[in-house]
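Note sheet for the following structure.
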Amino acid sequence: MYAILDIETTGGKFNEEGITEIAIYKFDGHQVVDQFISLVNPEREIQPFVVNLTGINSDMLKNAPKFYEVAKRIIEITADCVIVAHNANFDKRILTTEFRRLGYLFERKTICTVELSKKLIPNLPSYKLGKLCRSLGIPVSSRHRADGDAIATIQLFKLLLNKDVDKVIVKQAIKIENTRTLAPKLLAILDDLPSTTGLFYIHNNTSKILYIGKGKNIKKKVNQLFLRTSKKAKIIQNSVISVSYEETGNELVAALKYNEELHINKPKYNFINKPRVTTIEFSNENLIVIDKGRSIGEKSVLLIENNEFKGFCFADLSYQINNIEILRTLISPMKNSIYNREIIKKYLQKNNVEKIIRF
């Protein structure tokens with residue numbers, strides 16, 4: 001579970017700043033499940049350059065709650081969460097300082113979307129939130145206001161989760177505290193899984209991925225795994241501490257991600273099939289394959305350029321799909337391997353997709 005947040009402050013001397021606005025969205029890796037947005041009376045002056053930047057002035061904050069009045073809500077909504085923020089060190093420092101003034105030790109793990117973006121989307125001209133979102137075609141409303149920036153960070157984090165094929169982010173967030181009691185509770189694990197298309201990941205008590213599966217119905221596929229009586233299935237059932245999952249919206253993306261992540265993560269209890277052919281050509285050298293995504297309005301997009309499979313992404317806006325430069329940035333790269341080419345070719349021969357653009 002993640003707490004994606006953004007904070008606006010008064011500015012001023014280091015560790016003497018006060019919070020003027022805070023927005024927190026509790027995000028389970030797939031959708032927002034809770035939120036808290038509030039102006040905050042910092043009980044100190046706001047620096048003039050900050051007023052010009054954010055539009056927040058002292059008159060707006062006269063009747064706003066003071067930090068101690070919202071502190072309990074912040075603790076509750078971030079409990080058992082990893083804090084995600086753009087320049088997370090700043091937001092974490094501000095929160096820690098405010099809680100220290102109240103005599104409370106605020107400790108949470110953090111993930112910084114600036115650092116993640118530099119790692120997963122290298123060579124962009126700028127990693128400031130506004131310019132980064134512009135490069136990726138992510139709309140930002142109310143820039144330099146906590147709610148607008150937090151919503152933009154959610155969209156950015158979704159993209160980064162999709163690009164993180166090594167599952168570093170997910171592994172960091174897996175809870176492994178209850179290692180003695182969780183393993184037998186297979187039914188409880190099933191309760192938290194969706195009946196949607198995608199992949200699932202079996203984790204042990206060190207968060208390591210033991211097994212990757214895929215299917216049209218994630219919950220059904222995990223349930224079938226838990227009911228098997230083979231030696232390998234029994235070992236998995238006894239070792240499982242947590243099951244994470246990733247929705248893909250359709251079976252083509254699920255098959256591609258499954259194949260790619262088997263080769264990257266090399267789970268102990270998976271078997272990798274060998275391709276049945278040696279060469280595969282596409283019907284056109286340049287293709288954009290568009291199909292349904294993970295939610296209403298979202299599309300999955302595969303890119304093939306110069307007869308090479310480049311990868312895929314999810315997009316909410318036609319502008320992102322129709323602008324090839326933005327699309328190339330959004331794409332999560334995948335190998336132009338015979339495995340992936342065979343998956344795409346066979347799927348397009350047997351199934352209808354929403355749209356194919358030849359260019």
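The values are calculated or read from the model by the stated rules, or taken from the named source; none is laboratory data. What you see is a predicted model; the values in this text were computed from it and never measured. Because the Cβ atoms are built from the backbone with ideal geometry, glycine has one as well, and the counts that use them run over all protein chains shown. We work out accessible area using only protein heavy atoms, side chains counted, and drop any ligands, DNA or RNA first. Shrake-Rupley method; radii C 1.70, N 1.55, O 1.52, S 1.80 Å.
Just to be sure, is D59 touching a residue at least 24 places away in the same chain (Cβ under 8 Å) and open to solvent by 40 Å² or more (accessible area, probe 1.4 Å)?
No.
If I ask for residues that are farther than 13 Å from R101 by Cβ and over 22 Å from the mean Cα position of the chain (by Cα), which ones from region 63-74 would you list?
N63, A64, P65, E69, V70, K72, R73
In region 226-239, what residues are in contact (Cβ under 8 Å) with a residue 40 or more places away in the chain, in contact with a helix residue (DSSP H, G or I) (Cβ under 7 Å, 6 or more places away or on another chain) and not aromatic (F, W, Y)?
Of everything in region 226-239, just one residue is in contact (Cβ under 8 Å) with a residue 40 or more places away in the chain, in contact with a helix residue (DSSP H, G or I) (Cβ under 7 Å, 6 or more places away or on another chain) and not aromatic (F, W, Y), namely Q237.
Would you mention how many residues in region 1-60 are assigned to a strand (DSSP E or B), touching a helix residue (DSSP H, G or I) at 6+ places or on another chain (Cβ under 8 Å) and among the hydrophobic types (A, V, I, L, M, F, W, C)?
Residues flagged as assigned to a strand (DSSP E or B), touching a helix residue (DSSP H, G or I) at 6+ places or on another chain (Cβ under 8 Å) and among the hydrophobic types (A, V, I, L, M, F, W, C) within region 1-60 amount to 13.
When only residues in region 315-359 that are open to solvent by 90 Å² or more (accessible area, probe 1.4 Å) and basic (K, R) count, which is nearest to L156 (Cα to Cα)?
Per the stated criteria, the residue is R328.
Kindly establish whether Y258 is open to solvent by 20 Å² or more (accessible area, probe 1.4 Å) and hydroxyl-bearing (S, T, Y).
In short, yes.
N340 passes all but one of (1) more than 24 Å from L132 (Cα to Cα); (2) in a loop (DSSP other than H, G, I, E, B); which number fails?
Just one mismatch for N340, condition (2).
Could you pull out the residue among I264, I290, I296 that is open to solvent by 10 Å² or more (accessible area, probe 1.4 Å) and either within 17 Å of the chain's Cα centre (by Cα) or more than 13 Å from F314 (Cβ to Cβ) (or both)?
I264
With A88, A146 as the choices, which residue is under 22 Å from N52 (Cα atoms) and modelled with pLDDT of 90 or more?
A146
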